[in-house]
Amino acid sequence: MTLTNWAGNITFGAARLHTPGTLDELRETVAASTRLRPLGTGHSFNRIADTDGDLISVASLPATVHIDSVAGEVTASAGVRYGELASRLHAAGYALHNMASLPHISVAGAVATGTHGSGVTSPGLGAAVTGLRLVTADGELLDLRHGDPRLAGAVVGLGALGIIVDVTLRIRPTFDIAQYVYERLPWSHLAGGWAEIMGAGYSVSLFTDWTGPVINQIWVKRDPSDAPLPTRWHGATLATTPLHPVPGMSAVNCTEQGGVPGPWHERLPHFRLDFTPSSGAELQTEYLLPATHALEALEAVDAIRDRIAPVLQISEVRTIAADDLWLSPSHGHDSIAIHFTWHPDADAVAPVVTALEEQLAPFGARPHWGKVFSTDPATLRARYPRFDDFLALRADLDPSGKLLNPMLSRYLGV
C-alpha cells in the first residue's frame with residue numbers, strides 16, 4: 001500500500017488502511033488491531049498519523065449532522081469536513097464561532113491537532129467542542145460531555161485516546177462577514193498600530209514574505225454594519241482587485257473580497273470549499289505564543305529574515321483567544337500564531353525551522369501539532385501545565401499504547 005498525506009511529503013508506513021462503513025465494523029477493527037492510528041483528511045505535515053500497523057479512516061461512516069436548537073449545539077460525524085458542516089448550519093440559520101483558513105479539513109482531525117482560525121476574541125476550533133464520542137483502544141464506546149473533566153484533555157487528543165466518531169459543537173445564530181484586503185503595510189507602522197489593526201475585524205490576518213520593510217497584505221474580515229475602513233489605513237492601501245496570499249497565485253480559489261457581504265462560512269476561511277487552494281506542493285510550520293510578546297516575537301523572526309525568505313512561500317500572523325484545553329497551543333493565554341508556508345524542500349527547510357525555534361524559545365512558543373517542528377520533547381512538555389494530566393488520561397484509555405507511534409512516543413515520553 002502506498003499512501004501519502006495531502007502535501008506528499010509523508011508516505012505512510014501502514015500495512016493496511018481500514019475504511020469501516022459502520023460503527024460496529026470500526027469497533028471490531030480497533031479491538032482486533034495491535035497498532036493503529038486515525039487518519040483524517042491528511043492535512044498534517046509530520047508523522048503524527050503514521051504507523052506501521054493499521055490506519056483507520058472514518059470517512060466512510062455515515063455522514064450525519066444533527067442540530068439541537070434547544071441546546072444550541074450540533075453533533076457531526078467525525079469525518080465531515082468543516083465546509084460541509086458550515087453549509088448545513090448556515091442553511092438552518094446557525095453558525096460556528098470561527099473556521100480555519102481551509103474549509104476542506106475534517107472536524108475531528110482539526111480539533112484533535114489544535115487547529116484554529118483568527119480573532120482576538122475567538123479561541124481555537126476545539127473551544128467550541130461540548131462533547132466527543134470515541135472508540136477507545138479496546139473497541140468500547142466512550143462519551144465525554146461538557147462537565148466531564150476529561151473532555152478538556154480529550155479535545156486536542158492527538159489521536160492518542162481513541163478513534164473519534166462524533167463531535168458536538170456549540171453553535172450561534174448565523175451572521176454575515178465582509179472581507180477587505182490591504183496591501184503594503186509598512187513594518188514601521190505595525191508597532192504603534194498593532195492593537196487597532198489586529199482588532200479591526202472579527203478575524204484579521206497579516207501576510208508577509210519577510211523580504212522587505214512591508215507586510216504584503218492584511219486580510220480584515222468584519223461585520224458589514226461596521227463603519228467602512230478608509231482607502232489608506234496605517235500606511236497600507238485598500239486592494240482594488242482580489243488577491244491570493246501567496247505571490248503569483250490566482251485569487252480564483254480565495255473567498256470573496258472587496259467588502260462584499262456574505263455568509264460567515266464563505267468569508268472566514270481564506271479559501272473556497274469548491275476549489276483546491278493549491279497543489280499541495282508545500283510544507284507548513286506554525287508557532288503559537290503569548291500575545292503579550294507579539295511584537296518582540298515578530299522582531300525576533302525578522303532578525304533571521306535572510307534565512308527564512310529563500311525557502312518561504314508566505315507567512316501568516318494571526319491572533320487566537322485563550323482556552324482551557326490541555327494540549328491546545330493556546331492553553332491558558334491569548335496567543336499570536338506565526339505561520340510559515342514553505343517550499344517543498346525538507347532538507348532546506350529543516351535548519352531554518354531550528355533557527356526559528358531558537359529565536360522564539362524565550363517566548364515559550366508551542367508548535368502546531370500537525371505541522372513541521374523540531375522542538376525538544378522535554379522543552380515542549382514543560383510548556384503545557386496539564387501535560388502530566390494528559391499522560392495519565394492516555395494511560396487510562398490506552399494502557400497498552402496501541403494508539404502510539406514513534407512521534408507520539410517521543411513527545412509524550414512513553
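The values are calculated or read from the model by the stated rules, or taken from the named source; none is laboratory data. All of these numbers come straight from a predicted model, not from anything done at the bench. No Cβ is skipped: glycine too gets one built from the backbone with ideal geometry, and neighbour counts run over all protein chains shown.
Residues in the range 393-402 that are crowded, with 18+ Cβ neighbours inside 10 Å and outside any helix (DSSP H, G or I): Asp398, Lys402.
Rundown of residues vs (1) of a type in the set (Phe, Trp, Tyr); (2) in contact (Cβ under 8 Å) with a residue 40 or more places away in the chain; (3) within 30 Å of Val220 (Cβ to Cβ); (4) surrounded by 21 or more Cβ atoms within 10 Å (Cβ to Cβ), yes/no style:
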site: His43; (1), (2), (3), (4): no, yes, yes, yes
site: Arg47; (1), (2), (3), (4): no, yes, no, no
site: Leu55; (1), (2), (3), (4): no, yes, no, yes
site: Val74; (1), (2), (3), (4): no, yes, yes, yes
site: Ser118; (1), (2), (3), (4): no, yes, yes, yes
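Of all residues in the range 10-38, those being in contact (Cβ under 8 Å) with a residue 60 or more places away in the chain and assigned to a strand (DSSP E or B) number 3.
Among the residues in the range 116-126, are any modelled with pLDDT of 95 or more and either part of a helix (DSSP H, G or I) or in the same structural domain as Ile197 (by TED's automatic domain parsing) (or both)? Checked the range 116-126: at least one residue is modelled with pLDDT of 95 or more and either part of a helix (DSSP H, G or I) or in the same structural domain as Ile197 (by TED's automatic domain parsing) (or both).
Here the range 271-323 is the region considered, the condition is being polar (S, T, N, Q) and surrounded by fewer than 20 Cβ atoms within 10 Å (Cβ to Cβ), and the residue that is farthest from Thr211 (Cα to Cα) is Thr276.
Considered as a group, the residues in the range 86-108 that are in a helix (DSSP H, G or I) and without any contact (Cβ under 8 Å) to a residue 40 or more places away in the chain include one that is nearest to Val129 (Cα to Cα), and that residue is Arg88. Candidates in the range 61-90 are the residues that are out of contact with any Lys or Arg (no Cβ under 6 Å at 6 or more places or on another chain) and among the β-branched types (Val, Ile, Thr); of these, the one that is farthest from Thr41 (Cα to Cα) is Val70.
Evaluation of Ile304 against the conditions (1) at pLDDT below 95; (2) in contact with a helix residue (DSSP H, G or I) (Cβ under 6 Å, 6 or more places away or on another chain) shows that the sole unmet condition is (1). Meeting the requirement of 1 or more residues that are β-branched (Val, Ile, Thr) and crowded, with 21+ Cβ neighbours inside 10 Å, the strands (runs of 3 or more DSSP E) wholly within the range 138-206 are 163-170, 176-186.
Could you tell me whether any residue of the range 154-164 is closer than 30 Å to Pro263 by Cβ, in contact (Cβ under 8 Å) with a residue 60 or more places away in the chain and assigned by TED's automatic domain parsing to the domain that holds Trp326? No: zero hits.
Within the set Thr375, Thr379, the sole residue that is surrounded by 14 or more Cβ atoms within 10 Å (Cβ to Cβ) and among the polar types (S, T, N, Q) turns out to be Thr375. Taking the range 342-387 only, how many residues are over 25 Å from Gly42 (Cα atoms), touching a strand residue (DSSP E or B) at 6+ places or on another chain (Cβ under 7 Å) and without any contact (Cβ under 8 Å) to a residue 40 or more places away in the chain? So the count comes out to 1. Only residues that are assigned to a helix (DSSP H, G or I) and either closer than 18 Å to Pro329 by Cβ or among the small types (Gly, Ala, Ser) (or both) were counted across the range 345-392, and they come to 24.
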